[in-house]
Structures are given as C-alpha cells and as structure tokens.
C-alpha cells in the first residue's frame, strides 16, 4: 500500500501518515503512460487552425496565359499554391482532435504516474485550509524552501476557495481532485493532496458498511 507523509496547515509534520487508494498502486507501464500523456496533450489543443486553399483566396480565377506557345510551364489561375499569394497546399483543415483513451486505461495510467511520484517522494498530504495567500506561501516555503519550486495542489471540490490563494504563488497551481490525471501528476512537480479528500472517502466507506 502507498503511504505518504501528512502535514498541518502550518507545515508541521503529523504523526499519522495517509494511505492512498488501492487503485493508485500500479506497476510501471511506460507505453501506457506515454500514450495517456500524448492523448491529454493532444486534446488540450482545439485543432481549429485552418489554412486558405486555392478556392478560398481572393484572387482571380482567370488563366495566367494561354496553354501553348509561350515556352513557359503550363499554369492555371494565380490562386494556385505555386504563386505568391495563392492558396496553401496540404495545410491544416480545422478538423477537431479525435484521440481518446478508455476509462480503464485512464485510471491505470493515473495509478502508474502516482506510484512513480510516490516512489520519488514527490507526493505529500496537507491540511489545505489556508485563509490567506501569505499562509499558503509560508506552507510552501517551509516544506520546499524559498526557490519557487513547482507545486501542484490537489483539493476536494468543496475547498475551491483555496485556489484563489494558490494562484498568486509563483510556480504553484491548484486543481480539483476530480480533474487529477496522469498528465497532471507527471508534470505537476511536487504534489500536495488535500488531506480531507481521504477523510471523506473513509467516512463514505464506513457509511456503506
């Protein structure tokens, strides 16, 4: 089972550690991880870039000169890609991105990325109930120093108010727990998980029993 250290809002290490969900413990599969990252990167672009073809440019469609007898190459209209100001050949067409990843593969890739991050000691849990940006900044400085490290805060949905404090800190980002994926984990740097996420999950399991 994956266990990580937990810290208070003041940056003090707590005596009890946090056990991560069982589905986050996966064996390394570099092919699946790279595939998932590629899909996330690809889908982050809208893919709406479109070049003007010869039928779109505002040029005359009249033939440049007669077909034979000039000694030159055969040409049609000035809108052809070979001419300056003509349309673009084989340019982007504005088609939407279509790469997808099945839910099972998404979850497994997230587990692989999380397992590797925990092994590299890049994941901790914290009581993310900051009131001010200064409190958040002191928390980061106490844990990682004053070198503006890359930090990703993962909060529960009910704790989105903290995002306003975090966005004012250099190299720090905040996302909801529901949006956590392999890409965010792999490129997130130091990851701080909201401790209350796992407290809520534990209560839900006890209620079901």
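Assess whether residue 59 counts as being in contact (Cβ under 8 Å) with a residue 12 or more places away in the chain, over 33 Å from the mean Cα position of the chain (by Cα), in a loop (DSSP other than H, G, I, E, B) and not assigned by TED's automatic domain parsing to the domain that holds residue 158. Show your work before the answer.
Working: in contact (Cβ under 8 Å) with a residue 12 or more places away in the chain: yes; over 33 Å from the mean Cα position of the chain (by Cα): yes; in a loop (DSSP other than H, G, I, E, B): yes; not assigned by TED's automatic domain parsing to the domain that holds residue 158: yes.
Yes: the conditions hold for residue 59.
Could you run through the range 8-24 and say how many residues are within 29 Å of residue 99 (Cα to Cα) and touching a residue at least 24 places away in the same chain (Cβ under 8 Å)?
Applying the first criterion (within 29 Å of residue 99 (Cα to Cα)) to the range 8-24 yields 21-24.
Then drop every residue that is not touching a residue at least 24 places away in the same chain (Cβ under 8 Å), which leaves 21, 23-24.
Total meeting the criteria: 3.
Quick grid of which residues meet (1) farther than 29 Å from residue 29 by Cα; (2) surrounded by 20 or more Cβ atoms within 10 Å (Cβ to Cβ); (3) modelled with pLDDT of 80 or more:
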residue	(1), (2), (3)
140	yes, yes, yes
167	yes, no, yes
173	no, no, yes
176	no, no, yes
184	no, no, yes
194	no, yes, yes
201	no, no, no
206	yes, no, no
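Quick check on my filter: what residues within the range 101-125 are closer than 16 Å to residue 193 by Cβ and either exposed (fewer than 12 other Cβ atoms within 10 Å of the Cβ) or in contact with a helix residue (DSSP H, G or I) (Cβ under 6 Å, 6 or more places away or on another chain) (or both)?
Within the range 101-125, the first condition is being closer than 16 Å to residue 193 by Cβ, and the residues that meet it are 110-111, 113-125.
Matches in the range 101-125: 110, 111, 113, 114, 117, 119, 120, 121, 123, 125.
On the given criteria, is residue 76 over 32 Å from the mean Cα position of the chain (by Cα) and either in a loop (DSSP other than H, G, I, E, B) or in the same structural domain as residue 183 (by TED's automatic domain parsing) (or both)? Please lay out each step first, then the result.
Numbers: over 32 Å from the mean Cα position of the chain (by Cα): yes; either in a loop (DSSP other than H, G, I, E, B) or in the same structural domain as residue 183 (by TED's automatic domain parsing) (or both): yes.
Judged against the criteria, residue 76 is a match.
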If I filter the range 28-45 for residues that are exposed (fewer than 13 other Cβ atoms within 10 Å of the Cβ) and over 21 Å from the mean Cα position of the chain (by Cα), do I get at least one hit? no
Just the residues that are in a loop (DSSP other than H, G, I, E, B), under 20 Å from residue 144 (Cα atoms) and in contact with a helix residue (DSSP H, G or I) (Cβ under 7 Å, 6 or more places away or on another chain), please, taken from the range 11-35. 11
Whether any residue in the range 91-109 is touching a strand residue (DSSP E or B) at 6+ places or on another chain (Cβ under 8 Å) and within 27 Å of residue 32 (Cα to Cα) is what I want to check. no
Could you go through the range 83-100 and let me know if any residue there is in contact with a helix residue (DSSP H, G or I) (Cβ under 9 Å, 6 or more places away or on another chain), more than 27 Å from residue 47 (Cβ to Cβ), modelled with pLDDT of 90 or more and surrounded by 12 or more Cβ atoms within 10 Å (Cβ to Cβ). no
Pairs, please: C-beta under 9 Å, at least 6 apart or cross-chain, first residue at positive phi and in the range 25-48, second surrounded by 11 or more Cβ atoms within 10 Å (Cβ to Cβ)? 47/92; 47/94; 47/97
Looking at (1) over 30 Å from residue 118 (Cα atoms); (2) surrounded by fewer than 10 Cβ atoms within 10 Å (Cβ to Cβ); (3) touching a residue at least 24 places away in the same chain (Cβ under 8 Å), find the lone condition where residue 71 falls short. (3)
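The values are calculated or read from the model by the stated rules, or taken from the named source; none is laboratory data. Bear in mind the structure is a predicted one, so any value in this text is a computation, not a measurement. With ideal geometry, Cβ positions are generated from the backbone for all residues, glycine too; neighbour counts draw on all protein chains shown.
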